[in-house]
Amino acid sequence: MGERNSGSKSSRWCLQGMTALVTGGSRGIGYAIVEELAQLGATVHTCSRNEAELNESLKEWSTKGYRVTGSVCDVTSRVNREELIATVSSQFNGKLNILVNNVGTNVQKQTLDLTAEDFAFLINTNLESAFHLSQLAYPLLKASEAASIIFISAIAGVVATNLASVIYSAAKGAINQVTKNLACEWARDNIRTNCVAPGPIRTPLLEKHCTEDTLMNAVISKTPLGRIGEAEEVASLVAFLCLPAASYITGQTICVDGGFTVNGLNLF
């Protein structure tokens with residue numbers, strides 16, 4: 001049975017003394033998540049395929065006084081994933097409080113144009129890597145006695161949208177279900193599992209697939225708040241779900257989308 005949080009009011013709203021692993025933290029939403037967790041007191045390890053980009057980010061965080069380390073890792077590689085968790089285990093003495101499975105990517109093609117290589121790449125990057133990292137991190141999360149896994153999904157896993165390929169959408173939908181199952185299976189080990197599903201957020205990935213002003217305006221017109229979201233607005237929810245204050249929340253998929261997924265057919 002999950003342990004009820006009985007800490008002081010201030011300790012319920014900080015991550016002081018906690019450890020975190022955030023995949024793909026050198027830019028976009030991942031970068032914002034690393035900063036948010038570090039600001040709240042966590043010691044964070046992150047990874048990226050791009051060594052130069054990672055080193056630049058680490059330099060920026062060091063200047064700000066954040067406790068952040070990093071390593072080069074391609075999470076689509078099973079061997080690299082194993083090496084990453086071994087590094088984290090060594091660095092954090094076999095315990096991990098927070099795992100944020102942030103890495104994800106899209107291939108913008110129509111269904112009939114998608115290849116077997118596209119399928120394997122998208123499923124590996126968006127689903128298999130997060131699932132396997134959760135498996136590998138399980139002993140570390142259990143050892144911490146109060147842990148949280150956050151999957152970064154997408155609204156494409158909740159509603160149909162032509163901004164994402166069918167395989168990307170299927171992988172994100174699967175992540176939503178993995179969240180529910182792990183929340184039930186690992187609750188006995190005081191591991192909470194939640195999922196954050198961003199909508200249209202200003203990131204390099206969105207800018208890559210929404211290069212036309214007409215397309216960006218169409219996205220904004222379907223968003224009740226009338227604008228594109230910022231990475232920090234996703235990071236704030238991720239951080240909240242990791243806080244002791246969120247100790248009774250598990251198994252949830254929460255959209256951060258300015259109301260995009262609940263808009264329906266609003267004519268006025």
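Observations on the model:
- Using the 1.4 Å probe convention, the accessible area of the chain works out to 49 Å² per residue with neighbouring protein chains retained.
- Solvent-accessible surface of protein heavy atoms, probed at 1.4 angstrom with all chains present, puts 228, 249 in the order 249, 228, largest first.
- Cα-based equivalent ellipsoid, the chain: semi-axes from gyration tensor eigenvalues, Å: 29, 21, 19
- Carbon/sulfur fraction of accessible area - the chain, other protein chains in place, 1.4 Å, %: 53
- Value of relative contact order over the range 90-189, rounded to a whole percent, pairs C-alpha under 8 Å and six or more apart: 38
- P(r), alpha carbons of the range 102-172 - 5 Å bins starting at zero, rounded %: 3, 16, 24, 20, 14, 9, 7, 4, 2, 0
- Length gained when the stretch residue 232-residue 110 is fully extended (0.36 nm per residue, less Cα-Cα span): 40.8 nm
- Violating pairs (Cα-Cα greater than 31 angstrom) within the set 142/222; 64/95; 59/95; 109/222; 172/222; 109/180: 142/222
The values are calculated or read from the model by the stated rules, or taken from the named source; none is laboratory data. Quick caveat: nothing in here was measured; it's all calculated off a predicted structure. These area figures cover heavy atoms from the full protein model, side chains too; ligands, DNA and RNA do not enter into them. Shrake-Rupley method; radii C 1.70, N 1.55, O 1.52, S 1.80 Å.
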